[in-house]
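The values are calculated or read from the model by the stated rules, or taken from the named source; none is laboratory data. Note that the structure is predicted; figures quoted are calculated from it, not measured. Positions of Cβ are generated from backbone atoms using ideal geometry, with glycine treated the same way; all protein chains shown enter the neighbour counts.
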Amino acid sequence: MTATLLDGKATAAEIKDELRARVKALAERGIVPGLGTVLVGSDPGSQAYVNGKHRDCAEVGIASIRRELPADATQAQVDETLAELNADPACHGYIVQLPLPGHLDTQRVLELIDPDKDADGLHPVNLGRLVLGYDAPLPCTPRGIVELLRRHDVPLRGANVAVVGRGNTVGRPLGLLLTRRSENATVTLCHTGTLDLAAHTRAADIVIVAAGVPGLLTTDMITPGAVVVDVGITRVIGSDGKGRYTGDVDPEVAEVAGKLVPMPGGVGPMTRAMLLTNVVERAERG
Ligand SMILES: Nc1nc(=O)c2c([nH]1)NC[C@@H]1CN(c3ccc(C(=O)N[C@@H](CCC(=O)O)C(=O)O)cc3)C=[N+]21
């Protein structure tokens, strides 16, 4: 291994320490930040993610507000749950765990969240604010990636960044974040219609892969010394028959990259830390 690993877990722990202090200061003003989660159905992966978020909350002193609905919940039941959380003053921000069961209208659900309580930063109004450069809660994964690079002194200003993937939760908003005046990176947003992906990734100082394709980025696709960020997380069945998660970056890339944000232990913990950050920021605003 030649690449330096950028430890998202350690950096997230640092951020949680900072948040704990901010939560304490809020307590002196009589404010306890509250994070809500809405989980529809009992997918074990989604349950595990939601449990992780509540564990994080307990660690920093944020109150947890859990709403669980059965897999066959009606759209009206979901709508009502969102209306309750929108009206609950103890809930400073909340998330609806995605994906939702197929019979529910994801777009409708995301639009029913009060944009000021949008802890994920994925509400269309907030994505629009991001486009326009207005103040808004930022999408957690893109924000976590920028924060991790910043805290490890990876320069963004003037850097050529190849983002692979144009999804609504990572690639698309990440391109917007990185091209803000405050970051000033130059971004090439690559996707399944890109004709010569390797030409773009080879030309980049920083390659961020959020395609959901295991092993997509291979050693021949980067310039030696490049910074590589693995955002992929795909459940695969290993040769032992057990399920495990795998990233979008081929393990051999660690021999060629200068710095690597690994999966696990990279972007995931940072995403969770940014969710907490969004809630604390909202509570500080009063
Ligand atoms: N409304 C909504 N918001 C989300 O932010 C959201 C979602 N829906 N649906 C599912 C995806 C997935 N996601 C992850 C977050 C952290 C890890 C994470 O921390 N992973 C650990 C490994 C697993 C663990 O240790 O728990 C790591 O990368 O080191 C993984 C995945 C958030 N998502």
Practice item. For the range 253-279, name all the residues that are surrounded by 14 or more Cβ atoms within 10 Å (Cβ to Cβ) and more than 17 Å from the chain's Cα centre (by Cα). Key: Val253, Ala254, Val256, Ala257, Gly258, Lys259, Leu260
Check your understanding: Taking the range 150-181 only, how many residues are over 12 Å from Val229 (Cβ atoms), assigned to a helix (DSSP H, G or I) and in contact (Cβ under 8 Å) with a residue 12 or more places away in the chain?
Key -> 6
Practice item. With respect to Asp120, determine if the residue is within 16 Å of the ligand (Cβ to nearest atom) and of a type in the set (Asp, Glu). Key: yes
Exercise for review: Specify the residue that is nearest to the ligand (Cβ to nearest atom); the eligible residues are those in the range 220-241 that are hydrophobic (A, V, I, L, M, F, W, C) and under 26 Å from Glu147 (Cβ atoms).
Suggested key: Ile233
Revision key, fill the gap. Reported set for the range 182-222 where residues are among the charged types (D, E, K, R), touching a residue at least 12 places away in the same chain (Cβ under 8 Å) and out of contact with any Leu (no Cβ under 7 Å at 6 or more places or on another chain) is Arg202, Asp205, Asp220
Review point. Any residue at all in the range 23-35 that is within 16 Å of the ligand (Cβ to nearest atom) and within 22 Å of the chain's Cα centre (by Cα)?
Key: yes
Practice item. Specify which of the listed residues (Arg244, Arg202) is at pLDDT below 95 and either away from the ligand (no atom under 15 Å from the Cβ) or surrounded by fewer than 20 Cβ atoms within 10 Å (Cβ to Cβ) (or both). Key: Arg244
Point to revise | Qualifying strands (runs of 3 or more DSSP E) (wholly inside the range 224-286; at least 3 residues being charged (D, E, K, R) and free of Cβ contacts under 8 Å to residues at least 60 places away in the same chain) | key: none
Revision key, fill the gap. Selection from the range 62-101 of residues surrounded by fewer than 18 Cβ atoms within 10 Å (Cβ to Cβ), assigned to a loop (DSSP other than H, G, I, E, B) and more than 15 Å from the ligand (Cβ to nearest atom) yields Pro70, Ala71, Asp72, Thr74, Asp88, Pro89, Ala90
Exercise for review: Out of the residues in the range 188-216 that are charged (D, E, K, R) and part of a loop (DSSP other than H, G, I, E, B), state the one that is nearest to Leu260 (Cα to Cα).
Suggested key: Asp205
Revision key, fill the gap. For the range 62-83, pairs from a residue that is at pLDDT 95 or above to a residue that is part of a strand (DSSP E or B) and aromatic (Phe, Trp, Tyr), with Cβ under 9 Å and 6 or more apart or across chains, are Ile65/Tyr94; Arg67/Tyr94; Leu82/Tyr94
Exercise for review: Among the candidates Ala119, Ala136, Ala58, single out the residue that is free of Cβ contacts under 8 Å to residues at least 12 places away in the same chain and within 27 Å of Ala13 (Cα to Cα).
Suggested key: Ala58
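Rundown of residues vs (1) more than 29 Å from Glu80 (Cβ to Cβ); (2) at pLDDT 95 or above; (3) out of contact with any Pro (no Cβ under 8 Å at 6 or more places or on another chain), yes/no style:
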site: Glu18; (1), (2), (3): yes, yes, yes
site: Val23; (1), (2), (3): yes, yes, no
site: Leu39; (1), (2), (3): no, yes, yes
site: Val60; (1), (2), (3): yes, yes, yes
**Study point:** Enumeration of residues in the range 132-144 that are out of contact with any helix residue (DSSP H, G or I) (no Cβ under 6 Å at 6 or more places or on another chain) and either aliphatic (A, V, I, L, M) or in a helix (DSSP H, G or I) (or both)
**Key:** Leu132, Leu138
